[in-house]
Amino acid sequence: MAGNEWINGYLEAILDSGASAIEENKPTPVNVGDRGHFNPTKYFVEEVVTGVDETDLHRTWIKVVATRNTRERSSRLENMCWRIWHLTRKKKQLELEDFQRMANRKWEREQGRRDVTEDMSEELSEGEKGDALGEMLTDSPRKKFQRNFSNLEVWSDNNKEKKLYIVLISLHGLVRGENMELGRDSDTGGQVKYVVELARALARMPGVYRVDLFTRQISSPEVDWSYGEPTEMLTAGPEDADGADVGESSGAYIIRIPFGPRDQYLRKELLWPHIQEFVDGAVAHILNMSKVLGEQIGGGQPVWPYVIHGHYADAGDSAALLSGALNVPMVLTGHSLGRNKLEQLLKQGRQSKEDINSTYKIMRRIEAEELSLDAAELVITSTKQEIEEQWGLYDGFDVKLEKVLRARARRGVNCHGRYMPRMVVIPPGMDFSNVVVQEDTADADGELTALTNTDGTSPKSLPAIWSEVMRFLTNPHKPMILALSRPDPKKNITTLLKAFGECRPLRELSNLTLIMGNRDDIDEMSGGNASVLTTVLKLVDKYDLYGQVAFPKHHKQSDVPEIYRLAAKTKGVFINPALVEPFGLTLIEAAAHGLPMVATKNGGPVDIHRALNNGLLVDPHDQQAIADALLKLVSEKNLWNECQKNGWKNIHLFSWPEHCRTYLTRVAACRMRHPQWQTDTPADDMVAEESLNDSLKDVQDMSLRLSVDGEKASLNGSLDYTAAASGDPELQDQVKRVLSKIKKPDEGKQDSECGRKLLDNVASKYPMLRRRRRLIVIALDCYDSNGAPEEKMIQTVQEIVKAVKLDSQSARLSGFALSTAMPMSELTKFLKSGNIQVNDFDALICSSGSEVYYPGTYTEEDGKLYPDPDYATHIDYRWGFDGLKRTIWKLMNTLEGGEVKSVHSSRPIEEDAKSSNSHCLSYLIRDPSKAKKVDDMRQKLRMRGLRCHLMYCRNSTRMQVIPLLASRSQALRYLFVRWRLNVANMYVILGETGDTDYEELISGTHKTLILKGVVEKGSEELLRTTGSYLRDDIVPGESPLVAYTSGEATAEEIANALKQVSKSAM
């Protein structure tokens, strides 16, 4: 190609267009007949370049044109043009995919609303149908839905006697109370500071006894030793009226729970596989603390958390599981949201959805946020914009449906199990204790003069950062326009600089100070930041702003208040010109130091301005509007003074006490719930009797279920058979002493409430689980093509029991549990077919975790087992049996596009009444190829306001729907909470695959033994759709808590594997 002038022209146009044109990404109508003739350069720039968010093209261009060799330069220019063309083509393809995805989502949302309308319309009058439901189906609401908060009781000193225990969770980053390393990495930022200050502030509120902030314990040489300390006190808490401490455990604490590799500091994207391990550790801490607090302030009864509050997606996921395990309310603060980030990254066009997911684990994060919405009673946001434009992107939240459901709930109308979480705006709190309000600024000139003196006298001792800023300025006495943000293109700093540079009156009246993070070498910074800084330097030179613009390279966190103070002393203005600002914490900080504001009208600043009334809002794209607003504030002193006073007068609305008061008021309005049972033997006259009954059961299960003549009772009933049969006199004497003290129950006496009975003086009111030190949980999903349990499961169970009995010492303290998708009736029949007695197990987790049985304890009059009623109450939260039953049948029999299958066509599912119960909907899968994936079904149900745990099981022959808080893994945590059998002392035995809830059983603090080859085919192919999160995001790749052995292993080999995983975990 002879010459490359045309390429040169295009690329020069790219350079002239600037980063801001690319970042704004605002399509501009192109007049191809510009002034009567076609302008290809303008067309190329406006149609192609502005559609490519590739800011480092500018840097590449600069390097290319600096190349001296003409041939090499031409070759590079040509390659650069092809690169732009490829990026544009890729972006168009991604835009098309995004458009199709959004269109499908919109259709699904509307279809969900129609389904809700049909299901709920029969209970509404005609007027209500036209009012509430009509509003939900139309995009133009006919009336504003006003929430009535008049019935909320504002939190006050009258709540002083409540003594609440609050749990906060923030997992990622480096969290400590003092000398926070903010900005060390992307995980250690404003959220860390926020949660630490929130914990301190809550602990000082009347009625709050203790606040625990859970985070990750890190014992790594990469970080300071303090992050490995298990506990750190933040504050001792409030004092009572007499000035005495309220208790030895009161106050705010950082509690560090070990999970994941102990010696590695992991970025947040790598923490996902270890979430279950954190939850188990957190449960253990809370159970211990509830007992301690119960002794101090609970009158001997456990004090459960008042609320569990998750911050960010990872903590939200953890809080949902923790809330379900403990049955206490959950609160969520998203901070930043995955769907919003995904939308932004897709619009940039640099990466495909698959690449984004690989880098950021974005789909796992989004699913965690969806699960958090499922479980949360309350979602706290900073602004209304966050509710409508960010949470509105989620399947689990629909603004219109939320209004209708809340209206129905107020009228007492049945919602059929549908639920939308409550969203409330509570701006973040701030600590103003170090802010000194100095209304008299007469000494400002004196201080500034002292810094700039030239008479050789010694200057006053003033902040060093003042000198660092003022060395840029010719006349530092002029009002300072201050902008403080990262050099991110979205922060719109270059537009601010252009507005300043092109407004001569503004330049003459004021200086501009840009605090743009810390930098050493621009070339070493990321592309976007480097591009912004490079553009800033060029604009300073273009407008000849030397001596009028300050842009220091470094500042410390402790310098920020002094920077605000310097700007206020000069009667300056703070500006936040970001294209979109989610909240705007710096605006509040600036107002506290006496600075009026100019801020973007997009996002959180609107709410801040409404509260403070201390400045002006502008369109961030309107350069002239920015200049006019700044000029108005620096030139009109009366307006400036009024804005300053308004800011000081209203700033208390953003203080920590105000935040916490609103927070506690909102939380108190939630549906409070906590475990109602007593975890210990009741402290009454029956304590000795019940304790002895339990003692007898102990002896019985240690092989004395037999008559003392040594006759073997059952598979698990003779774990210490040898000692008993040999006539050990000490052991037999112990049994006789126990038997002599047991009172026989009165004849005919029955438990009228539950129908349970004592069996031959050995059945206890409490299961043996409370006495076990170790629990072997067998969760093998071995089923044939018809979903029937395979015979080899019996053989495997027998080998496992033999393996445990090989060590007589540990066998005496071990119990067994069976965890399965089968209902109790089918499981009992199957066990009998293999000559295994139901009573050989301490617990049976049936129907995929919807029921828990304790053989030998909870029985009917005829000896038939009945499920734990406490567990049924525990998992009943948000269970919509009728609504789910109707909706699932409709969804499974609806073709893509919304067409309902004809009566003559084959149905993919059939109701399985035998396997269903009050907390489990079971369906037979007639054609697995037509079954919708779990991901797809979960999305459709969430859009209809239905919350549940859906899974495919038994070799893809069944679909079972159980309550949100129920699962086989959560049932293990229930056993821990209910009977204090630590999950860390459980051994879960699995196959290599299983039901779609199989992955949830692998990770955690329990030990996992995987038997290879036992389960030939599971149901996991029906778990995820294409583009969803991966198994590696749920299950850790390598863990000392997981061991493997052959499915054909002998009892000795299984015993060795159990010993090995036990040692590895230590």
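Working carefully through the options I989, I1002, find the one that is under 23 Å from L271 (Cα atoms) and aliphatic (A, V, I, L, M).
The unique qualifying residue is I1002.
For the range 394-414, how many residues meet the condition of being within 26 Å of I366 (Cβ to Cβ) and open to solvent by less than 20 Å² (accessible area, probe 1.4 Å)?
Result for the range 394-414: 9.
Across the range 214-261, what is the total count of residues that are more than 17 Å from G177 (Cα to Cα) and at pLDDT below 90?
The qualifying residues number 12.
If only one of D607, D628 is assigned to a helix (DSSP H, G or I), at pLDDT 95 or above, surrounded by fewer than 23 Cβ atoms within 10 Å (Cβ to Cβ) and assigned by the TED database to the domain that holds R565, which one is it?
D628
Taking the range 844-855, which residues are out of contact with any Pro (no Cβ under 7 Å at 6 or more places or on another chain) and not polar (S, T, N, Q)?
If the condition is that a residue be out of contact with any Pro (no Cβ under 7 Å at 6 or more places or on another chain) and not polar (S, T, N, Q), then I845, G849, P855 are the ones that fit.
For the range 1030-1055, enumerate the residues that are open to solvent by less than 40 Å² (accessible area, probe 1.4 Å) and either among the basic types (K, R) or within 20 Å of C953 (Cα to Cα) (or both).
I1034, V1035
I'd like to check something: does the range 1037-1044 contain any residue that is within 24 Å of V801 (Cα to Cα) and not hydrophobic (A, V, I, L, M, F, W, C)?
Taking every residue of the range 1037-1044 in turn, at least one turns out to be within 24 Å of V801 (Cα to Cα) and not hydrophobic (A, V, I, L, M, F, W, C).
If a residue must be over 40 Å from the mean Cα position of the chain (by Cα) and in a helix (DSSP H, G or I), how many such residues does the range 1044-1059 contain?
3
At pLDDT below 55, part of a loop (DSSP other than H, G, I, E, B), out of contact with any Phe, Trp or Tyr (no Cβ under 7 Å at 6 or more places or on another chain) and more than 30 Å from R200 (Cα to Cα): does that describe T474?
no
What number of residues in the range 936-970 are in contact with an Asp or Glu (Cβ under 9 Å, 6 or more places away or on another chain), part of a helix (DSSP H, G or I) and either touching a residue at least 60 places away in the same chain (Cβ under 8 Å) or among the basic types (K, R) (or both)?
Qualifying residue count, the range 936-970: 8.
Would you call R944 crowded, with 19+ Cβ neighbours inside 10 Å, modelled with pLDDT of 95 or more and touching a Gly at 6+ places or on another chain (Cβ under 6 Å)?
Against the criterion (crowded, with 19+ Cβ neighbours inside 10 Å, modelled with pLDDT of 95 or more and touching a Gly at 6+ places or on another chain (Cβ under 6 Å)), R944 does not qualify.
Which of the numbered conditions does D935 fail, given that it passes all the others? Conditions: (1) within 19 Å of K890 (Cβ to Cβ); (2) crowded, with 22+ Cβ neighbours inside 10 Å.
Checking D935 against (1) within 19 Å of K890 (Cβ to Cβ); (2) crowded, with 22+ Cβ neighbours inside 10 Å, the one that fails is (2).
Any residue in the range 409-433 that is touching a residue at least 60 places away in the same chain (Cβ under 8 Å) and farther than 19 Å from R944 by Cα sitting within a Cβ distance under 6 Å of a residue that is basic (K, R) and open to solvent by less than 50 Å² (accessible area, probe 1.4 Å)? List the pairs, counting only those 6 or more apart or interchain.
V424/R666
What's the total number of residues in the range 631-655 that are closer than 19 Å to M430 by Cβ, in a helix (DSSP H, G or I) and not basic (K, R)?
10
Taking V598, is it under 27 Å from E389 (Cα atoms), over 29 Å from the mean Cα position of the chain (by Cα) and open to solvent by less than 40 Å² (accessible area, probe 1.4 Å)?
Taking the combined requirement at face value, the residue satisfies it.
Quick check: anything in the range 174-194 in a helix (DSSP H, G or I) and touching a helix residue (DSSP H, G or I) at 6+ places or on another chain (Cβ under 8 Å)?
Yes, the range 174-194 contains at least one residue that is in a helix (DSSP H, G or I) and touching a helix residue (DSSP H, G or I) at 6+ places or on another chain (Cβ under 8 Å).
Tell me, yes or no, whether the range 1057-1064 has at least one residue that is of a type in the set (V, I, T) and under 30 Å from I366 (Cα atoms).
no
Identify the residue in the range 249-271 that is under 16 Å from the mean Cα position of the chain (by Cα) and open to solvent by 10 Å² or more (accessible area, probe 1.4 Å) and, among all such residues, is nearest to I166 (Cα to Cα).
This residue is K268.
Quick check on this structure: which one of D317, D263 is acidic (D, E) and part of a loop (DSSP other than H, G, I, E, B)?
The match here is D263.
The values are calculated or read from the model by the stated rules, or taken from the named source; none is laboratory data. Note that the coordinates shown come from a computational prediction; the quantities given were computed from them, not determined experimentally. Neighbour counts are summed over all protein chains in view; Cβ atoms, including those assigned to glycine, are modelled from backbone coordinates with ideal geometry. These area figures cover heavy atoms from the full protein model, side chains too; ligands, DNA and RNA do not enter into them. Shrake-Rupley method; radii C 1.70, N 1.55, O 1.52, S 1.80 Å.
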